[in-house]
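Remarks on the structure that follows.
The values are calculated or read from the model by the stated rules, or taken from the named source; none is laboratory data. Values in this document were obtained by computation on a predicted structure and should not be read as measured data. Reconstructed Cβ throughout: ideal geometry from the backbone, glycine too, with neighbour counts over all protein chains shown.
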Amino acid sequence: MLDTIRRHGAISRIEISQGTQLSTSTVSAITASLMDDGLILSRHEGDLRSSAARGRPRVMLEINPDAARVVGAKITATRMTFVVTDFCGAVLSEYSLPVRIDRMPIGVIADLVDDGVRACVIDARLTLGEIDAICLGIPGVVEHRTGIVRASPIFSDEKVDFAGVIAPRFGIRTIVESDVHAITLAHHWFGKARHLEDMVLISLEQTLGLGVLHNSSLFRGAGGLSHNLGDLVLGADVSCVERLGALAGESAILGKAPQEGLYADAIRLGRGMSHAQALMAEEDAQMLANARRAAEAIGVTLANIVTLFAPPRVILVGSSLALGPPFIEGLRQAYLAAVPPSLRDVSELVFDDSDDFFWARGAAAVALHELYESTWGTTGPAL
């Protein structure tokens, strides 16, 4: 019910009934409870004092933006990005912390996340006690239910209980989520899949991720696991298994960089793809070959995903898109060559270059989604 009201902005009870296929009496009972808890507001559309108005004004319902506030974050190897949003998902503040954290001790990473969250909350002119939930988007394979990060390029260890490390610092609900799930929900709530119930998103960054939305809900594996698309097997024989990440991951595209110089510095600062684009413009043979190989591998993978799910839209995001038109066109051509003819006109391909703040807003949407599903009382959500 809350999500229906959020998606429409302002909506009448009759329109909610039609959209949800619930009876008007059920809608009235639920919305009355939501109003009692302060989660939604009513306003009148029309004015009885106007001679042009006829009949009673319609009562429209909308989300109360002040019902809750959350923090969302995108954590990468070279930058932490934070946003604070209200209950509708509108951004109240943004904060970015450029810092290289890959392979740092877990405690140090947690300290930096703690500082970033608190700085962003202060910028929103709030206190941490006024925040209802926090969601941290992490690259890699993440168990949503437990907050355990099974594998991530920013951690030197596997199966890191990051939720167990970070949550006690805040004393409020803290969610650790896959960053690809965060950006998938960002596009469903605010972006290029806003009016779709089903879609697929592929992230092309340091890791290759897959987000699947079905009936407006994220599909997760056992234990709430995210999907590492880079582990997908494209070819195998007795002696060797060839995985997508080895052909199309960021490291595979950038290749073996020198230990010193401009290129090495760019990679350390998280700007490797931008520099790779410059090399492609200079027609660097090795970089062109790496980009072509990656584009073909991703295109074939995309065709397999469309064959499995047949989504109306596939959104591709991430730093690899900085390689520009040659990479994107190569990917598109490989996809068209591999997708079954019967499905060629089913899925629309959309390429998106959203910045890190949009990814962080997606993490905030994950937190909001859980609040929307929580049992509420006059004292707040029972998480």
Test Ser342 against the criterion of being surrounded by fewer than 16 Cβ atoms within 10 Å (Cβ to Cβ), among the small types (Gly, Ala, Ser) and more than 29 Å from Val176 (Cα to Cα), and give yes or no. yes
Within the stretch 269-293, which residues are within 23 Å of the chain's Cα centre (by Cα) and free of Cβ contacts under 8 Å to residues at least 60 places away in the same chain? Arg271, Gly272, Met273, Ser274
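Being surrounded by fewer than 21 Cβ atoms within 10 Å (Cβ to Cβ), not in a loop (DSSP other than H, G, I, E, B) and not charged (D, E, K, R) narrows it down to one residue among Gly137, Gly164; which is it?
Testing whether each residue is surrounded by fewer than 21 Cβ atoms within 10 Å (Cβ to Cβ), not in a loop (DSSP other than H, G, I, E, B) and not charged (D, E, K, R) leaves just Gly164.
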Of everything in the stretch 64-91, what is surrounded by fewer than 24 Cβ atoms within 10 Å (Cβ to Cβ) and assigned to a strand (DSSP E or B)? Give them in sequence order. Arg79, Val91
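Answer yes if at least one residue in the stretch 150-160 is closer than 23 Å to Leu368 by Cβ and in contact with a helix residue (DSSP H, G or I) (Cβ under 9 Å, 6 or more places away or on another chain), and no otherwise.
Scanning the stretch 150-160, I find no residue that is closer than 23 Å to Leu368 by Cβ and in contact with a helix residue (DSSP H, G or I) (Cβ under 9 Å, 6 or more places away or on another chain), so the answer is no.
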Helices (runs of 4 or more DSSP H) (entirely within the stretch 1-48) containing at least 2 residues that are more than 32 Å from the chain's Cα centre (by Cα): 24-36
Assuming Ala363 fulfils every condition listed in (1) aliphatic (A, V, I, L, M); (2) more than 17 Å from Leu201 (Cβ to Cβ); (3) in the same structural domain as Ile131 (by TED's automatic domain parsing) apart from one, which condition is it? (2)
Single match in Arg150, Arg103 (criterion: surrounded by fewer than 23 Cβ atoms within 10 Å (Cβ to Cβ) and in a strand (DSSP E or B)): Arg150
Name the residue that is surrounded by the fewest Cβ atoms within 10 Å (Cβ to Cβ), counting only residues in the stretch 345-356 that are touching a helix residue (DSSP H, G or I) at 6+ places or on another chain (Cβ under 8 Å) and within 14 Å of Ile202 (Cα to Cα). Asp353
